[in-house]
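These notes concern the structure reproduced below.
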Amino acid sequence: MSAVFDFKPDPAAASPLYMQLAQSLAQAIRDGIFHADEALPSERVLADQLALSRVTARKAIDRLVEQGLIIRKRGSGNYIAPKLEQPLTRLTSFSEELHQRGFVPGSRWLLRGFTPAAPDEQLSLELKSGERVARLERLRLADAVVMAYEVSVLPQSVLPDPQKVEASLYSHLGDRAPVRALQHIRALNADAKLAGLLEVPLGAAVLFITRVGYLASGQAVELTHSYCRSDYYDFVAEMRRE
């Protein structure tokens, strides 16, 4: 265990010992003492080094698993969950962002095909009634962990063969990829379908992101709805006072 991590129980605190340990470990993760994909000490090691019972250590780790800060891998141990900090000032694909931060991006495809454009899609992409669109639905993964559920819709003229899209949509599009985008972010609670896809409890908070991507000419070529796990995603914006 990292020598930097130090836990001192507060006997006067109202919260039980395992909660104090869970809070201290969570703060250590947020402070970068433990890093994404790093193995957390086992319950036995944690208990021995901190002079605590294994029950206390186990309950603290259970709490962090519930919060999405730790992932249990059967037969391997407990690992720090990946956390994606995405700036709002740069237009990148999910795959590009993960590669830059040292994660291995992946997708679990749910749909790659054509469907009639829904009314909101016609409006966002400036399509005529009845036009077909390429529709991509997938789970986005970081180091095999489900981070988001994503639905992308593009005009058929922009993406004539959705089956050829593999890892990165923007890489596949090449010079047809958006150069700017408008993004709206709000919070919502996961319904049964979304909770199942994202592997979160029913009603868990999720970040819902709608993005419309444009070419340099101003043509809208992408409408993407992303449902991101709030325990794995941070969005960062730098603001300046004029």
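The values are calculated or read from the model by the stated rules, or taken from the named source; none is laboratory data. What you are looking at is a predicted structure, and each value in this text was computed from that prediction instead of being measured. Virtual Cβ from ideal backbone geometry, glycine too; neighbours counted across all protein chains shown. These accessible areas exclude ligands, DNA and RNA; they are computed on the full protein's heavy atoms, side chains included. Shrake-Rupley method; radii C 1.70, N 1.55, O 1.52, S 1.80 Å.
Descriptive notes on the structure:
- Using a probe of 1.4 angstrom and keeping all protein chains present, the accessible surface of region 153-242 works out to 57 square angstrom per residue.
- In order along region 182-191, phi translates into HN-Hα couplings of 10, 10, 10, 10, 8, 9, 8, 9, 5, 7 Hz, rounded to whole numbers, per the Karplus curve 6.51 cos²θ - 1.76 cosθ + 1.60 with θ = phi - 60° and x for Gly and Pro.
- Net charge of Cβ neighbours under 13 Å - reference Leu111; Lys, Arg +1; Asp, Glu -1: +2
- The aspartates and glutamates within cross-link reach of Lys73, meaning a Cα-to-Cα straight distance under 17 Å and a gap of 8 or more places when in the same chain, are Asp37, Glu38, Glu43, Asp62, Asp143, Glu199.
- Cβ crowding within 10 Å averaged over residues, with 199-206, 217-224, 11-18 ranked highest first: 217-224, 199-206, 11-18
- To the nearest ten degrees, helix 54-66 and the longest principal axis of the Cα atoms of the chain are 10 degrees apart.
- Residues of type lysines that Lys8 reaches as a straight line, Cα spacing below 20 Å, ignoring anything fewer than 8 places off in the same chain: Lys59
- Relative contact order %, region 113-205, counting alpha carbon pairs below 8 Å whose residues are six or more apart: 21
- Averaging the sequence gap over all C-alpha pairs within less than 8 Å and six or more residues apart, then dividing by the number of residues, gives the chain a relative contact order of 16 percent.
- Neighbour cut-off at most 11 other Cβ (10 Å), DSSP loop, trypsin sites (Lys or Arg not before Pro), region 136-242: Arg240, Arg241
- Structure-based [θ]222 nm, the chain - -39500 (n - 2.57) summed over DSSP H runs of at least 4, per residue, nearest 500: -7000 deg cm²/dmol
- Normalised per residue, the volume of the convex hull around the Cα set of the chain (Å³): 169
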